[in-house]
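Trainee: Before I ask anything, let me first share the structure, which is written out below as structure tokens.
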Amino acid sequence: MDDSIEIGEGQDEASYFRYKATLRIFGVISDPEALTQSLGLCPTYSHRRGDRRNPSSEPYKFDMWMYTPPLDRGAPLHMHIDALWSVLRDKEEFLLQLKRELTVDVFLGYRSNSDTAGIEIPYQSLEIFLKLQVPFGLSIIIT
């Protein structure tokens, strides 16, 4: 798929496309540091049950540990998926075991200002979903 920025007829601004793929682990995480050590990755975001996004928000109901590969958001979605799987592939059994007590998923994000575009994912990039036994879900935000 061509991810170049284009200006179409009747558009005032250039189209943009941004993507990400994130491993999310949430539930009651008894030892987040042990999770970090076992995965060999530092979370790009985490919070603990009871923390608040800001003083007026509701407290979080679950612990959260997330990792997003450091890739340019303009890179195609399959590159984000592949980068995530490349650091998790050898942790497959550990992640499957975690699923017995925690929720483990892959969060995919697609953001654009174009409402007439789409995505295409090569079948090779879908291995992570099969191996981790998680659904392919995509959050789509059109601004």
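Trainee: Just checking, how many residues over the range 71-123 are in contact with a Ser or Thr (Cβ under 6 Å, 6 or more places away or on another chain) and closer than 16 Å to residue 135 by Cβ?
Mentor: Matching residues across the range 71-123 total 3.
Trainee: Let me ask something else about it. Condition check: closer than 25 Å to residue 35 by Cα, within 11 Å of the chain's Cα centre (by Cα) and modelled with pLDDT of 95 or more. Does residue 106 satisfy that?
Mentor: yes
Trainee: Restricting the search to the range 35-62, which residues are among the basic types (Lys, Arg), in a loop (DSSP other than H, G, I, E, B) and loosely packed, with under 14 Cβ neighbours inside 10 Å?
Mentor: Listed by number, the residues that qualify are 48, 53, 61.
Trainee: Now for a different question. Those residues that are β-branched (Val, Ile, Thr) and part of a helix (DSSP H, G or I), I need them from the range 86-113; list them, please.
Mentor: Residue satisfying the conditions is 87 alone.
Trainee: For residue 65, are the conditions met, namely being of a type outside the set (A, V, I, L, M), at pLDDT 95 or above, in a helix (DSSP H, G or I) and crowded, with 17+ Cβ neighbours inside 10 Å?
Mentor: Here the answer is no, as residue 65 does not meet what is asked.
Trainee: Still on this structure, I have one more. Go through (1) closer than 16 Å to residue 19 by Cα; (2) assigned to a helix (DSSP H, G or I); (3) out of contact with any Leu (no Cβ under 8 Å at 6 or more places or on another chain) one by one and return the number of the condition residue 83 breaks.
Mentor: Checking residue 83 against (1) closer than 16 Å to residue 19 by Cα; (2) assigned to a helix (DSSP H, G or I); (3) out of contact with any Leu (no Cβ under 8 Å at 6 or more places or on another chain), the one that fails is (3).
Trainee: Let me ask you something else. Out of the residues in the range 117-132 that are out of contact with any helix residue (DSSP H, G or I) (no Cβ under 7 Å at 6 or more places or on another chain) and modelled with pLDDT of 95 or more, state the one that is farthest from residue 92 (Cα to Cα).
Mentor: So the residue we want is 123.
Trainee: Residue by residue through the range 91-130, note down the ones that are charged (D, E, K, R) and touching a residue at least 60 places away in the same chain (Cβ under 8 Å). Working first, answer last.
Mentor: Keep residues of the range 91-130 that are charged (D, E, K, R), which gives 91-93, 99-101, 105, 111, 115, 120, 127.
Within the range 91-130, 101, 105, 111, 120 qualify.
Trainee: Something else about it: Going residue by residue through the range 108-128, is there one that turns out to be within 24 Å of residue 31 (Cα to Cα) and buried (at least 16 other Cβ atoms within 10 Å of the Cβ)?
Mentor: No: the range 108-128 contains no residue that is within 24 Å of residue 31 (Cα to Cα) and buried (at least 16 other Cβ atoms within 10 Å of the Cβ).
The values are calculated or read from the model by the stated rules, or taken from the named source; none is laboratory data. Values in this document were obtained by computation on a predicted structure and should not be read as measured data. Virtual Cβ from ideal backbone geometry, glycine too; neighbours counted across all protein chains shown.
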